[in-house]
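The values are calculated or read from the model by the stated rules, or taken from the named source; none is laboratory data. This structure is a prediction, so every number in the text was calculated from the model and none was measured. Neighbour counts run over all protein chains shown; Cβ positions are idealised from the backbone, glycine included. Only protein heavy atoms, including side chains, enter the accessible area calculation; ligands, DNA and RNA are left aside. Shrake-Rupley method; radii C 1.70, N 1.55, O 1.52, S 1.80 Å.
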Amino acid sequence: MGAVRSKVDRCLYECCHPMHGRVFILVYVHVLIVAGEKLDGVEAVERLVCAKFEVRDMGEVKEFIGMKVMRNRAAKTLTLSNPGHTATLLSAFGMDKATPNKTPMALGVKRTNTGASLLPEGAQYAELVGSLLYLSTTTRPDVAFAVGGL
């Protein structure tokens, strides 16, 4: 099909066609998500894939690898969220009753090491930061700076 694999994500391919515009193909195991600038470009890629493989069209994406996918056609936006992972993470670290903040970290905060252990085990802290890193790189880039500080 002439699709080129992304250098950033090896599961993402891109086709550029003079009439159909750019079309992206995301591959995850046996699942393909096809998205593009124009519907006819998406349909052309789908026809090519269907001609070569046995496929089942699942319709518009609502969920992908645990993430919620929300599309606003009028605003031309696509939003990802991960409420299940977030709720599980909050519960696992005893934060499920905490009051949410609009800002992940206040400006001008200087972190200091008090020497006191805030979590009972060092591995728990690493697990928390790793889980937050996953969220910051998949669906919550707004927390990336605060997580980087941790």
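Being aliphatic (A, V, I, L, M), open to solvent by less than 80 Å² (accessible area, probe 1.4 Å), more than 23 Å from residue 28 (Cα to Cα) and at pLDDT 85 or above narrows it down to one of 109, 147, so name that one.
147
Being part of a loop (DSSP other than H, G, I, E, B) and modelled with pLDDT of 90 or more is the filter; apply it to the stretch 10-47 and report the residue that is most open to solvent (accessible area, probe 1.4 Å).
10
Can you tell which of 128, 133, 118 is modelled with pLDDT under 90 and either in contact with an Asp or Glu (Cβ under 9 Å, 6 or more places away or on another chain) or in a helix (DSSP H, G or I) (or both)?
The conditions single out 128.
Can you tell me which residue among 77, 99, 103, 114 is within 28 Å of residue 28 (Cα to Cα) and polar (S, T, N, Q)?
77
Between a residue in the stretch 5-28 that is at negative phi and among the acidic types (Asp, Glu) and any residue that is in a strand (DSSP E or B) and surrounded by 10 or more Cβ atoms within 10 Å (Cβ to Cβ), which pairs come within a Cβ distance under 7 Å, given they are 6 or more apart or on different chains?
Within 7 Å, the pairs are 14/4; 14/22; 14/24.
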